[in-house]
């Protein structure tokens, strides 16, 4: 295969995909774009980082005008464009530029789709069984008054709808990725090892 | 994870998943059930092997009676049961028994679903891009008057419908398997290597 320069990691909420992506980046000595990506979108648009994180997982509904009253936003180019569509175009541009710039790991944000024209990407999807994910989110984020199963299902449903809306593809379908791994079965460290080896980026 | 005893391989037509399954079995010194499975279903039911192979990829339509005139079939237990449902029950029983008997590799036939209650299975899905699959089937099976793309799409559509009918799940969804690999990107030998390592069955 063509020499891999970029690894994209998509993941179910609670699957440890984020941790796996960080591990892969660290072990390969690559920059990892996750929060960093949100920061760049924030700088470019003037939107709050938390807000970008939230909107980045919701399919468009409300128009820009519905949001406009509480938010500083100096750069929305077209009042008819929904907030989500606007953020999508910025995200698209930033991810495309990042991929040009340097080898890296990109977590989430439909990077697998945005970079699909390149042959130097290795696209990974991480998922896991419900019990392992539930145990993980309670351990990491604590209990809430919603059951962990419900939190997991709702978050992933949003990701699915968002992905479908902007890519036209089914989130989690094997065919969208070069490799999909069950982190509950394989373990977090083993997933990182498998990805590193398969990517061919190990020195 | 629990010690793996059984590897199931599901695959897109033309992805080389069958070859990968054979390689994995050979390198691990395990029996590989593919044609062998069809043979066993044939012995148990009295149906012709070619017929079983074909029906095994079609969702039920015709009833048993519609088939009955041309085929010797001493053991159909219930005249109201469709041919496909009957073959499914036999296949289900044979795969369940095989898994009890000895460590092995099972290719196709919804084994991932049939054995989902066991924790000693490692379920793999192999897919590939259209161009690589088209090149492969023309090289292996020759040209026909249908385009290779059409042959691929039709065969996989049947597998998808069959899988959905008997399992209620989406064929090719990452979450149904412990590992999904793009054999076009990774190569056939590399897929076999990755599966063997990840299964933990290497001696």
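So here's what we get for this one:
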{"read-out": "Odd one out for residue B:38 among (1) modelled with pLDDT under 90; (2) touching a helix residue (DSSP H, G or I) at 6+ places or on another chain (Cβ under 6 Å); (3) farther than 17 Å from residue B:21 by Cα", "value": "(3)"}
{"read-out": "Members of segment A:29-46 that are farther than 15 Å from residue A:94 by Cα and surrounded by 15 or more Cβ atoms within 10 Å (Cβ to Cβ)", "value": "A:30"}
{"read-out": "Filter result for residue A:20 (outside any helix (DSSP H, G or I) and surrounded by 22 or more Cβ atoms within 10 Å (Cβ to Cβ))", "value": "no"}
{"read-out": "Test set (1) in contact with a strand residue (DSSP E or B) (Cβ under 7 Å, 6 or more places away or on another chain); (2) modelled with pLDDT of 95 or more; (3) crowded, with 21+ Cβ neighbours inside 10 Å - residue B:108 fails condition number", "value": "(2)"}
{"read-out": "Of residues in segment A:1-17 being out of contact with any strand residue (DSSP E or B) (no Cβ under 6 Å at 6 or more places or on another chain) and buried (at least 16 other Cβ atoms within 10 Å of the Cβ), the one modelled with the lowest pLDDT", "value": "A:1"}
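The values are calculated or read from the model by the stated rules, or taken from the named source; none is laboratory data. This structure is a prediction, so every number in the text was calculated from the model and none was measured. FYI the Cβ positions are ideal-geometry reconstructions off the backbone, even for glycines, and counts take in every protein chain you see.
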